[in-house]
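A.B. asks: Handing you a structure now.
The values are calculated or read from the model by the stated rules, or taken from the named source; none is laboratory data. Worth saying up front: this structure is predicted, and the values here are computed from it rather than measured. Using ideal geometry, Cβ is built from the backbone for each residue, glycine included, and neighbour counts are taken over all protein chains shown. The protein model used for the area step is the full one, side chains on, heavy atoms only, and it has no ligands, DNA or RNA in it. Shrake-Rupley method; radii C 1.70, N 1.55, O 1.52, S 1.80 Å.
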Amino acid sequence: MRKTLLLAGIALCCADVSSTVDAKTPSLPPYKDAGLPVETRVEDLLSRMTLQEKIAQLNQYSLGSNDNVNNNGEIVNVLPPEIGSLLYTADDAVSRNAMQRRAMEETRLGIPIIFGYDTIHGYRTIFPIPLAQGASWNPDLAGEAARVAAIESYYAGIDWTFSPMVDVARDPRWGRVAEGYGEDPYLASVFGAATVEAYQGGDMSEPGNIASCLKHYVGYGASEAGRDYVYTEISRQSLWNTYLLPFEAGVKAGAATLMSSFNDISGIPGSANHYTMTEVLKEKWAHDGFVVSDWNSVLQLIDQGMAPDEKTAVEYAINAGLDMDMVDNLYMPHLEALVKEGRVSEDRIDDAVRRILRVKFRLGLFEHPYVEEKPESERILLPESLETAKELAVETMVLLKNENGILPLEPDTKVALIGPLAKSRMDLLGSWRGRGRGEDVVNIYDGLSRAMEKPVEYAAGCDFEGSDTTGFAEAVKTASASDVVVLCLGEKYSWSGENASRSTIALPQLQEQLLAAVKRAGKPVVVLLSNGRPIDLTRISPAADAVLEIWQPGVMGGPAVADILIGKANPSGRLNITFPYTTGQIPIYYNHRSPARKGTQGRYQDIPSTPMYEFGYGLSYTSYDYGPLTLSSDTCSADGKITASITVTNSGDIDGKETVQWYICDPYSKTTRPVKELKHFEKKLLRAGESCTFEFEIDPLRDLSFRDTEGNPVLESGDYYIIVKDRKARLTIE
């Protein structure tokens, strides 16, 4: 009995102590409770923040000097731990975790930093440039590449990538044409949405998922005369029917953020444009993520003639809806004064902070602020990643010419590999190559040498540009001793990308002269083109027996080229951007409107008015026969649906992938429409002799309408045409 009472007393004392401890242990604030809804957590945290803490969240600085770990450590100690975001340019997660530890442990509220980086077409496993990816017409495969990029980025310490770029671009003189998916808004919409979904996954808080950023919002691709950072004149009709469509698709796909554009949009710069950032994005589309500026674009409002000083530039940007300031450090020193002066409301500050916190909560940064520090061997350039890179590179390459079926080559062909790109590595990566390195690349020479049975003979011939022709003699000698010449021409990686505008899209004369010299050897010439934009082929294509556009194909460019040259892979790329005859034709694109006069009137008198290679063009090693184009009904109501069908047969003896491109045409409309508009496409493997029926389910409001000046769909009754190749079917909307 005494023992029982003693145990009971001890238990009572323990209970008293336990209750005392519980009473003294503070409960977690709601914003730290992962079981609560994100909005509840956001509002709780926002209510606890001072104005200075809020303003700190609206700024992005830079961390990482790329190569020096010691310097990175010093920077970590200097940067304010309350900062909202950091551009992260180290090669692993070590410095990131150190900086994040300061944010979590040395600040009053422990708000994690979001780390961003320009992972554009790969982190270390570099894939073909986005322009090339669009030429694959395979958004699923491009999505697989984006998944690899997301995982590699995540384990390097990156939460957020400034990709995809969905600017519609129709002037190949503009260097940044390489970063987007081409000239068509629908194609850019499909690829942009697929990339967003691949980066972010189903749940952004899961390891390996990162936030996406649609850029550049909006109209940056309408660059005047191909120059960068310049004024763009865009009507509301063009804004809604061309430039905004891919952004809307990306927002619907769940894009966490957007980046404002450098360009002045019809008098209002993109980084101070209330209509695009607030009225359209946040109100009409109900986007609840945030908008970040492009590099220094708030400061550049002064250069653009809008703001007379830095403080006014901040006022215009934040009030227009620009939530986070990238790098130029203008929000931090000016926002508090602007709020006190009544020029910026604290409600607007709260809205911006709320949006940034929302993305951080969705990324799971409050629960998992640190990234596992894995060795490189476990996170980059993995075998399966390289296989995806090769597969995508193969599907991006476009066979432009194949006279007398010179391609594919037999494996025992004696090949002379000539040209400045034959052994280049860095140039195959293209612009915005992430953390890619030259030593990661399998170049054309190595790829082809592994594939051919006989040794591949090499001669550089010349450099990319200049006037030194002393290498021509060796190139001609090498060509003369071969069965076929594979001539590698094109651009350096630095010739495209940001601030890389060019006045002409022709290659340097030296490269064209090399082609002419090698041609005199009398052997068949296959030209490989590696470039980040359409090229003037006026003098190149006629001199070549075959032309293969390989773009800037990434780390597995060499093996991909080899597979196509020897027929291990059948080329299936199709152009997603028009190739003009000359620079003088620019701008030239497929979805133009009809001119006022027919025939030859109004056209160029000294050059053709048609392109050299049109949008959607590309050859194959096999042939495809298209049957009749049929509709499930010739008439349809505005709220109905009909199905268009066409049967395609691989009539050759080689398996191949064919892309069926579906266009529509509204021949007469109160607001004139383009001569044709891409509305659907599908790519499928067809075995030799196999037939397949491709279908397009047409929703009239979605597929046949156009947007009015406020973005509302307008569907007129009357006749429309559904077009596949040279087949047409008329559909009447009642």
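A.B. asks: Which of the residues belonging to the stretch 588-615 are among the aliphatic types (A, V, I, L, M) and either buried (at least 18 other Cβ atoms within 10 Å of the Cβ) or touching a strand residue (DSSP E or B) at 6+ places or on another chain (Cβ under 9 Å) (or both)?
C.D. replies: Hits for the stretch 588-615 are 588, 612.
A.B. asks: Hey, can you tell me all the residues within the stretch 395-438 that are open to solvent by 40 Å² or more (accessible area, probe 1.4 Å), farther than 15 Å from residue 564 by Cβ and in a loop (DSSP other than H, G, I, E, B)?
C.D. replies: Of everything in the stretch 395-438, those that are open to solvent by 40 Å² or more (accessible area, probe 1.4 Å), farther than 15 Å from residue 564 by Cβ and in a loop (DSSP other than H, G, I, E, B) turn out to be 412, 414, 423, 425, 432, 433, 437.
A.B. asks: From the list 232, 161, which one is farther than 26 Å from residue 97 by Cα, touching a helix residue (DSSP H, G or I) at 6+ places or on another chain (Cβ under 8 Å) and among the polar types (S, T, N, Q)?
C.D. replies: None of the others qualify; the one that does is 232.
A.B. asks: Scan the stretch 263-316 for residues that are closer than 18 Å to residue 250 by Cβ, open to solvent by 20 Å² or more (accessible area, probe 1.4 Å) and in contact (Cβ under 8 Å) with a residue 60 or more places away in the chain and jot them down.
C.D. replies: 284, 288
A.B. asks: Also: For residues that are within 30 Å of the chain's Cα centre (by Cα) and modelled with pLDDT under 95, tally how many sit in the stretch 585-603.
C.D. replies: Final tally of qualifying residues: 0.
A.B. asks: Identify, from the list 720, 663, the residue that is open to solvent by less than 20 Å² (accessible area, probe 1.4 Å), touching an Asp or Glu at 6+ places or on another chain (Cβ under 8 Å), closer than 30 Å to residue 570 by Cβ and aromatic (Phe, Trp, Tyr).
C.D. replies: Being open to solvent by less than 20 Å² (accessible area, probe 1.4 Å), touching an Asp or Glu at 6+ places or on another chain (Cβ under 8 Å), closer than 30 Å to residue 570 by Cβ and aromatic (Phe, Trp, Tyr) holds for just one of 720, 663, which is 663.
A.B. asks: Which condition number in (1) modelled with pLDDT under 95; (2) of a type in the set (A, V, I, L, M); (3) buried (at least 16 other Cβ atoms within 10 Å of the Cβ) is the one that residue 103 fails?
C.D. replies: Just one mismatch for residue 103, condition (1).
A.B. asks: Sticking with this structure for a sec: Out of the residues in the stretch 323-347 meeting the condition of being open to solvent by less than 30 Å² (accessible area, probe 1.4 Å) and outside any strand (DSSP E or B), tell me which one is nearest to residue 124 (Cα to Cα).
C.D. replies: Here the residue is 328.
A.B. asks: Sort out which residues of the stretch 439-465 are small (Gly, Ala, Ser) and assigned to a loop (DSSP other than H, G, I, E, B), and write them in order of number.
C.D. replies: 460, 461
A.B. asks: Report the residue count in the stretch 568-584 for those that are of a type in the set (Lys, Arg) and within 25 Å of the chain's Cα centre (by Cα).
C.D. replies: Result for the stretch 568-584: 1.
A.B. asks: Next question. Quick check on my filter: what residues within the stretch 491-537 are of a type in the set (Ser, Thr, Tyr) and either touching a strand residue (DSSP E or B) at 6+ places or on another chain (Cβ under 8 Å) or buried (at least 23 other Cβ atoms within 10 Å of the Cβ) (or both)?
C.D. replies: 493, 496, 504, 530
Residues checked against (1) in contact with a Leu (Cβ under 7 Å, 6 or more places away or on another chain); (2) closer than 30 Å to residue 504 by Cα; (3) surrounded by 24 or more Cβ atoms within 10 Å (Cβ to Cβ); (4) among the hydroxyl-bearing types (Ser, Thr, Tyr):
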{"site": "199", "(1), (2), (3), (4)": "no, no, yes, yes"}
{"site": "207", "(1), (2), (3), (4)": "no, no, no, no"}
{"site": "221", "(1), (2), (3), (4)": "no, yes, yes, no"}
{"site": "224", "(1), (2), (3), (4)": "no, yes, no, no"}
{"site": "234", "(1), (2), (3), (4)": "no, yes, no, no"}
{"site": "241", "(1), (2), (3), (4)": "no, yes, no, no"}
{"site": "249", "(1), (2), (3), (4)": "no, no, no, no"}
{"site": "257", "(1), (2), (3), (4)": "no, no, yes, yes"}
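A.B. asks: Mind checking which residues of the stretch 111-134 are in contact with a Phe, Trp or Tyr (Cβ under 6 Å, 6 or more places away or on another chain) and either without any contact (Cβ under 8 Å) to a residue 12 or more places away in the chain or open to solvent by 10 Å² or more (accessible area, probe 1.4 Å) (or both)?
C.D. replies: If the condition is that a residue be in contact with a Phe, Trp or Tyr (Cβ under 6 Å, 6 or more places away or on another chain) and either without any contact (Cβ under 8 Å) to a residue 12 or more places away in the chain or open to solvent by 10 Å² or more (accessible area, probe 1.4 Å) (or both), then 117, 118, 120 are the ones that fit.
A.B. asks: What number of residues within the stretch 548-567 are over 20 Å from the mean Cα position of the chain (by Cα) and open to solvent by 10 Å² or more (accessible area, probe 1.4 Å)?
C.D. replies: The number of residues fulfilling the criteria is 4.
A.B. asks: Among the numbered conditions (1) charged (D, E, K, R); (2) open to solvent by 20 Å² or more (accessible area, probe 1.4 Å); (3) touching a Ser or Thr at 6+ places or on another chain (Cβ under 7 Å); (4) within 24 Å of residue 530 (Cα to Cα), tell me where residue 545 comes up short.
C.D. replies: The failed condition is (3).
A.B. asks: Of the conditions (1) surrounded by 10 or more Cβ atoms within 10 Å (Cβ to Cβ); (2) modelled with pLDDT under 95; (3) outside any helix (DSSP H, G or I), residue 10 clears all except one; give me its number.
C.D. replies: Among (1) surrounded by 10 or more Cβ atoms within 10 Å (Cβ to Cβ); (2) modelled with pLDDT under 95; (3) outside any helix (DSSP H, G or I), the lone unmet condition for residue 10 is (3).
A.B. asks: If only one of 160, 137, 174 is on the phi > 0 side of the Ramachandran plot, open to solvent by less than 10 Å² (accessible area, probe 1.4 Å) and at pLDDT 95 or above, which one is it?
C.D. replies: That would be 137, the only listed residue that is on the phi > 0 side of the Ramachandran plot, open to solvent by less than 10 Å² (accessible area, probe 1.4 Å) and at pLDDT 95 or above.
A.B. asks: Additional query: Does residue 390 count as open to solvent by 10 Å² or more (accessible area, probe 1.4 Å), closer than 30 Å to residue 658 by Cβ, under 23 Å from the mean Cα position of the chain (by Cα) and at pLDDT 95 or above?
C.D. replies: Against the criterion (open to solvent by 10 Å² or more (accessible area, probe 1.4 Å), closer than 30 Å to residue 658 by Cβ, under 23 Å from the mean Cα position of the chain (by Cα) and at pLDDT 95 or above), residue 390 qualifies.
A.B. asks: Hey, residue 585 hits all of (1) open to solvent by less than 30 Å² (accessible area, probe 1.4 Å); (2) out of contact with any Phe, Trp or Tyr (no Cβ under 6 Å at 6 or more places or on another chain); (3) under 23 Å from residue 181 (Cα atoms); (4) in contact (Cβ under 8 Å) with a residue 40 or more places away in the chain but one; which does it fall short on?
C.D. replies: Every condition holds for residue 585 apart from (4).
A.B. asks: Taking the stretch 670-703 on its own, how many of its residues are within 17 Å of residue 632 (Cα to Cα) and of a type in the set (A, V, I, L, M, F, W, C)?
C.D. replies: Going through the stretch 670-703 one residue at a time, the tally reaches 3.
A.B. asks: Just to be sure, is residue 450 closer than 30 Å to residue 164 by Cβ, among the basic types (Lys, Arg), at pLDDT 95 or above and open to solvent by 10 Å² or more (accessible area, probe 1.4 Å)?
C.D. replies: Spelling it out, it is not the case that residue 450 is closer than 30 Å to residue 164 by Cβ, among the basic types (Lys, Arg), at pLDDT 95 or above and open to solvent by 10 Å² or more (accessible area, probe 1.4 Å).
A.B. asks: Mind checking which residues of the stretch 158-175 are polar (S, T, N, Q) and assigned to a strand (DSSP E or B)?
C.D. replies: Matches in the stretch 158-175: 161 only.
A.B. asks: Residues 381, 363: which one is closer than 24 Å to residue 115 by Cβ and surrounded by fewer than 21 Cβ atoms within 10 Å (Cβ to Cβ)?
C.D. replies: 381
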